[in-house]
Each structure stands twice: as structure tokens, then as C-alpha cells.
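**Q** Please read through the structure below; I'll follow up with questions.
The values are calculated or read from the model by the stated rules, or taken from the named source; none is laboratory data. Everything numeric here is computed off the predicted structure, so don't read it as measured data. No Cβ is skipped: glycine too gets one built from the backbone with ideal geometry, and neighbour counts run over all protein chains shown.
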Amino acid sequence: MNASEAQKGDGCGHTVLGPESGTFSSINYPQTYPNSSVCEWEIRVKPGERVQLKFGDFDIEDSNSCHFNYLRVYNGIGSTRTEIGKYCGLGFQMDGLIESKNNEVTVQFMSGGHVSGRGFLASYSTTDKSDLITCLDNASQFSEPEFNKYCPAGCVIPFVDISGTIPHGYRDSSSLCMAGVHAGVVSNFLGGQINVVISKGIPYYEGSLANNVTSKVGPLSTSLFTFKTSGCYGTLGMESGVIPDSQITASSVLEWSDRMGQANIWKPENARLKRFGPPWAALTTDGDQWLQIDLNKKKKITGIVTTGSTLAEYYYYVSAYRILYSDDAQKWIVYRESDVDQDKVFQGNTEYYHEVRNNFISPIIARFIRINPLKWHQKIAMKVELLGCQFTIGRSPKLTMAPPPPPPQTSNDFSLQTDKTTFVPEIKNTTVTPSVTKDVALAAVLVPVLVMVFTTLILILVCAWHWRNRRKKTEGTYDLPYWNRAGWWKGMKQFFPAKSAEHEETPVRYSSSEIGHLRPRDVPTMLQTESAEYAQPLVGGVVGTLHQRSTFKPEEGKEASYADLDPYNSPMQEVYHAYAEPLPITGPEYATPIIMDMSVRKELPGLQGCLPYQELLGILSSGERKHSCCFYIG
């Protein structure tokens, strides 16, 4: 629809009337509208659709009950139209939508004498766009961290500012729809769906020119927003050199000699973005010049970035151009937006150095691209990079033993679905983390927890099994289930001197035959000695009186537990014998008696009483162990 044909009067302001959505305002908005002005807009959408209106701002002076200053909305166009409503008021809040009964609407603005009032700004769309917003809405008006909205056509307006750029994001005070056009998510003429994500703000927002929208430098903000896309926004090989020099051609090449007489040739292969040196430049300055790029095969092309000469001494750049594309370099098609019957003219650079981006909505599917300059400064000179991705034909692979796919759904009424089709340029978004489903997030939490629980249970079972085996081994080796205090005291009595004189002369006899029958029973505290040295006593016989400081103590009467003690079979392993040293008790020292049987006298006649020391040592060393003798160590 041609906006100039769809509006009448002298009170019309900014107007873009698209096939599915649009934006219009009173003259001079947001400044005061003039007296005695009128404008009438005729809005048409596809047959079968209905129109909905949403006001971004409404400030029409209320004088004499909307008699001189008002906005009136009608169902239909022409003489058959019927009124929906008449509106006026300063700062009037109209939060709801105004809906028509058919696909045609007439909006009439009338102003008489007034003192103040900004006028109005309104947007429209078909009624299936339930999330319609206006060009004045910004991210700070929404509390959700992520949301979808529908932007109407015509949101590139001079009285709205944005700050930021992709991929870093836009300041939260920026207009959502105007930022969407700058980012290449939606078309200014068509409008479209945007998927917005709110993030933490950054200290500084860059400014840039893209899609005929200039973003300004912005200061620190608490939050920013960016757009989620499917991500077809990579470079296609001009800067990197993937595209060889032989695949870059031009209509003409500028050749000249400088003041030093050195020849300069600004060849087509110089037109690589971000490369140091001169650009490509055309020999002649007319509208028939072109720069051609061969991508070697079909690619999905979603945008283009250009600069001027990048040389300060040569202030050359292209300010406007067309894009042509082809599959065979013979038949060329001029790029146009959907539902538009005229060629798309892209705004180029405004100076020689900074980059300017333009997006193709919808994308171009082609092998060859031509850039046709229409306007330039001094000379046609530029550097270029193409944006996009590989083009894949959506054909299902042939599978054996598999059921056939269901037939595709067909419809005669085709509506542009910018969030599902390839008609929207896809911008790689580095500020947005990919979303995950709730199931994946739940699994990410449960799996580590379950692994930790099972690991802990296994460790507990292993430790319990190991402790049980160790306990059984300990009980089988030592057999010490409890501490018998009575047996311990009786065992310790032998280390103390006798309390009564009646026991002083009571001998205790040990024989080698009795020692072999001794077993430990009630005295777990007896110390075990080395079996190699003390397996049996060297001399058997009767032990005499043991006084203080003695290492042996005679029996104080027959006790059942004492006879069964085996001091050589104690569970504790010691390096030294249990009786290697006397107890540290003060008092006089006495010799240790060794008593010999009387049978020795018969075998050794002439010996009376105890043997001398030297003779006793001789007997012991000769192996006569079954005899006892008496020897005193003085």
C-alpha cells in the first residue's frame, strides 16, 4: 500500500502503512499540532482479517466535549463506513485495543483552535497479533526476563533514540521495535515478531549505523536487552580469504599515478573488509558500475557490511546501492522486500571509515552477488563483507524399513511467520545463553545427587564389611573380649613381696613336665616373651623364699588361677623377657636361689650342700638339666 495514496489532508505526520501492520501520527508529533488541520488515513489488510489499533501516546486537547479537537475511528472506507468511537483528552490513557469488524478502517484526525497538546501516535496490525506493541515501548516497561512481542511496521522514527548494537546489546531505555530494525530482526516496512531477553547492563553502549537506523553512544544502565535468533550471521569469506581473488570481479578498475609517479591500481580483490590498504574503486562514476562476488555455490545471504576507502587522504565512499543476485551470472534479479513492488535501496556509508550493516529480510539464496552503487562521494570506492551461512535444502533422507512421513499441510492463505521461517535474518547472539528445558535442568541436578548418594552407600558397605572382617580376625587371634580385673590383680600379686612371715620358707617347685601343661586362662595382662629363649626353664626345682626386690614371689597358698598361668604364652609381644629386670622397689637385695634335687648327691659323691659356683656352671653347660642345684649369687 502506498502511504501517500492512503492518507489525505494537511495534518498527517509520520506514516508507514504496511500490508499487515503500520504506524501513523499527527503532524509535528511529539510537538504541538497546528490549529485547523485535518488528516484521514485509510487502512486495508488482507480480506478475512480484522484490524486492531493501539495508541502509544494520546494528547489531544479536550475542548467543548471533543467538538473541535478529536480523533475518530470508523469501520470501513468511504460512504459506507460506520463510526467505532470518537476520542479526545490531554494525557488520555487508552490501554486497550480498538478492533474493527472487517479488513478496512478509516482514522480521522481533526484540530481546531487549541492551546496545547502533542497529538497522537498509533500503530495497527491484524487481530491475530495479540502481543502488538507500539514504536514508543521500551524494555524498561516489561518485568519479564524474556518475552515475545510483535512490532508494527514504520518504527524508524526521528524522535525515538536507541543506544547500543549487536551483539553486545541495547540500553533498556531504547525503543524495542526500533532496536529490532537496527539489529536486523524485523523490517521497518513489514514489522515482525521479536524475542527479547533482558540481561545485566554494561558501562558503555556503542553507537553504529545499520539498516538506516543510527544508534547513539549510551552511558551505564542497570539492564540491557538483546534478541534471540537462530544464528545465520557469519562472515562468508571476503575478510578471511576463503573467497579467492579470481572470484571477485568488477565493471571497471581505477588506475592512476601519484605525485611520485608510482602506479596505483585499486583492483576488485582489494574490496576485502578490514584489510589494510586501498579499496576497490571504479574507473568511472556512473550508475552502471558494479562489484561482483562469486560464492562458488549457493549460500544463504542475510546481510552485508561496507566501508569507504578507509584511507584518510582519499575521502571516497558509496552512500546508497542496490543488490542484485543470480545463480549463473547471466540472469540477475534486483533485491526487493516481500510484498513490495519496488527495488530495495540500501543506505550506505556516511563517511570513509566506519562500517555500516544492512540486512536482507528475507534472506537471499544465490551463488553470485552484485553491488550496484547509486550514490557516492567523489569516487565509487568500497570494501565489503557478506553475512550468512550455508544453504541446505530441507529434504528428508531416504530410510529403509521406515513408515512414510505424514503428508505436509497445505493452505491457500499464507501468512509470514518470521519466528519459524527463513525469511528473517538470523543474528548470532553472544549475550544470550541458550535456553534449556525444565527436564534437562532437572536431570542436570538429579544425576550428580544420585551419583553422590550411590557412591556414599557403596563406601559405607565396604567400610562395614572391612570392619567386620577385621573384628573377627582380632577376636580369633587375641581372644580378649573383656577385662578381667580379678584375674589381673591375682597375676600382679607375684610381683610384690610376701606380707606374712609364715610363707617365707615355703618352697615352690617347678618341674619341666608341669610347665608344658600350663595354659593362659584368667590373666590377660601377662606379657608374652620370646618363645625361642624361654620355651622351657633351664633348671627345674623348688624356689625358695622371695624377699623384697626379688623377681619371683612364692605362692601364698594354693590358688586355682595361679597354677594355670603361663607367663611364656601371653598375647603381647615384647622384645625382652617379662622377668628380665626387677621391679623398681627400694630395699635390700637378695640372691635368687636355685635348689637341686637330693639325687644329685648320689651321682656326685663328695659334694656336701650346695655346689661351688664354678662347678655349678660346669654342670649346667654339660646339659644335665634334669637335676636341680642350689646356687646363690652374692
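**Q** Take Phe227 and tell me if it is under 22 Å from Leu121 (Cβ atoms) and among the aromatic types (Phe, Trp, Tyr).
**A** On the way: under 22 Å from Leu121 (Cβ atoms): no; among the aromatic types (Phe, Trp, Tyr): yes.
No: the conditions fail for Phe227.
**Q** Going through segment 36-83 one residue at a time, which ones are in contact with a His (Cβ under 6 Å, 6 or more places away or on another chain) and polar (S, T, N, Q)? Spell out how you get there, then give the answer.
**A** First, the residues of segment 36-83 that are in contact with a His (Cβ under 6 Å, 6 or more places away or on another chain): 61, 69.
Hit for segment 36-83 is Asn69, nothing else.
Residues checked against (1) small (Gly, Ala, Ser); (2) assigned to a strand (DSSP E or B); (3) without any contact (Cβ under 8 Å) to a residue 12 or more places away in the chain; (4) not assigned by TED's automatic domain parsing to the domain that holds Asp161:
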site: Trp41; (1), (2), (3), (4): no, yes, no, yes
site: Lys54; (1), (2), (3), (4): no, yes, no, yes
site: Asn64; (1), (2), (3), (4): no, no, yes, yes
site: Ser79; (1), (2), (3), (4): yes, no, yes, yes
site: Ile84; (1), (2), (3), (4): no, yes, no, yes
site: Gly113; (1), (2), (3), (4): yes, no, no, yes
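Yes/no per residue for (1) in contact with a Phe, Trp or Tyr (Cβ under 6 Å, 6 or more places away or on another chain); (2) outside any strand (DSSP E or B); (3) under 23 Å from Gln342 (Cα atoms):
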position: Pro19; (1), (2), (3): no, yes, yes
position: Gly22; (1), (2), (3): yes, no, yes
position: Asn28; (1), (2), (3): no, yes, no
position: Asn35; (1), (2), (3): no, yes, no
position: Gly48; (1), (2), (3): no, yes, no
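**Q** Next question, about the same structure. When Glu255 is evaluated against the numbered criteria (1) surrounded by 12 or more Cβ atoms within 10 Å (Cβ to Cβ); (2) at pLDDT 95 or above; (3) assigned by TED's automatic domain parsing to the domain that holds Glu351, which criterion, by number, is the only one it fails?
**A** Every listed condition holds for Glu255 apart from (2).
**Q** Given the conditions (1) under 39 Å from the mean Cα position of the chain (by Cα); (2) on the phi < 0 side of the Ramachandran plot, and given that Glu83 satisfies all but one, which numbered condition is not satisfied?
**A** So Glu83 meets the others, but not (1).
Residues are listed down the side, and each one gets a yes or a no for (1) in the same structural domain as Ala271 (by TED's automatic domain parsing); (2) aromatic (Phe, Trp, Tyr); (3) surrounded by fewer than 19 Cβ atoms within 10 Å (Cβ to Cβ):
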{"site": "Gln289", "(1), (2), (3)": "yes, no, no"}
{"site": "Lys299", "(1), (2), (3)": "yes, no, no"}
{"site": "Tyr314", "(1), (2), (3)": "yes, yes, yes"}
{"site": "Lys344", "(1), (2), (3)": "yes, no, yes"}
{"site": "His354", "(1), (2), (3)": "yes, no, yes"}
{"site": "Ala366", "(1), (2), (3)": "yes, no, no"}
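**Q** Just to be sure, is Pro167 touching a residue at least 60 places away in the same chain (Cβ under 8 Å), closer than 21 Å to Lys46 by Cα and not polar (S, T, N, Q)?
**A** Details: touching a residue at least 60 places away in the same chain (Cβ under 8 Å): yes; closer than 21 Å to Lys46 by Cα: no; not polar (S, T, N, Q): yes.
Considered against the rule, which asks whether it is touching a residue at least 60 places away in the same chain (Cβ under 8 Å), closer than 21 Å to Lys46 by Cα and not polar (S, T, N, Q), Pro167 comes out as no.
**Q** For segment 322-339, which positions are within 27 Å of Ile166 (Cα to Cα) and either surrounded by 24 or more Cβ atoms within 10 Å (Cβ to Cβ) or β-branched (Val, Ile, Thr) (or both)?
**A** Step one: filter segment 322-339 for residues within 27 Å of Ile166 (Cα to Cα), giving 322-325, 335-338.
Result: Ile323, single match.
**Q** Exactly one condition in (1) β-branched (Val, Ile, Thr); (2) at pLDDT 95 or above; (3) exposed (fewer than 14 other Cβ atoms within 10 Å of the Cβ) is false for Ile293; which is it?
**A** Against the list (1) β-branched (Val, Ile, Thr); (2) at pLDDT 95 or above; (3) exposed (fewer than 14 other Cβ atoms within 10 Å of the Cβ), Ile293 comes up short only on (3).
**Q** Would you mind finding the one in Ala320, Ala329 that is more than 21 Å from Gln390 (Cα to Cα), free of Cβ contacts under 8 Å to residues at least 60 places away in the same chain and hydrophobic (A, V, I, L, M, F, W, C)?
**A** Working: Ala329 fails: more than 21 Å from Gln390 (Cα to Cα).
None of the other options fit; the residue is Ala320.
**Q** State whether one or more residues within segment 187-199 are of a type in the set (A, V, I, L, M) and within 23 Å of Ile27 (Cα to Cα). Please lay out each step first, then the result.
**A** Filtering segment 187-199 down to residues of a type in the set (A, V, I, L, M) leaves 190, 194, 196-198.
This time we only want the ones that are within 23 Å of Ile27 (Cα to Cα), so: 190.
Scanning segment 187-199 turns up at least one residue that is of a type in the set (A, V, I, L, M) and within 23 Å of Ile27 (Cα to Cα).
**Q** Please go through segment 145-166 and pick out each residue that is farther than 21 Å from Ser125 by Cβ and not in a strand (DSSP E or B).
**A** Looking only at segment 145-166, we keep the residues that are farther than 21 Å from Ser125 by Cβ, and these are 145-146, 158-159, 161-166.
Correct list: Pro145, Pro158, Phe159, Asp161, Ile162, Ile166.
**Q** Out of the residues in segment 305-326 that are at pLDDT 95 or above and of a type in the set (Gly, Ala, Ser), state the one that is farthest from Pro278 (Cα to Cα).
**A** Ser326
**Q** Still on this model: Look through Ile265, Ile243 and report the one residue that is in contact with a Gly (Cβ under 8 Å, 6 or more places away or on another chain) and not assigned by TED's automatic domain parsing to the domain that holds Ala139.
**A** Values: Ile265 fails: in contact with a Gly (Cβ under 8 Å, 6 or more places away or on another chain).
Result of the check over Ile265, Ile243: Ile243.
**Q** On the basis of being assigned to a loop (DSSP other than H, G, I, E, B) and in contact with a Phe, Trp or Tyr (Cβ under 7 Å, 6 or more places away or on another chain), does Gly96 make the cut?
**A** Values: assigned to a loop (DSSP other than H, G, I, E, B): yes; in contact with a Phe, Trp or Tyr (Cβ under 7 Å, 6 or more places away or on another chain): no.
No.
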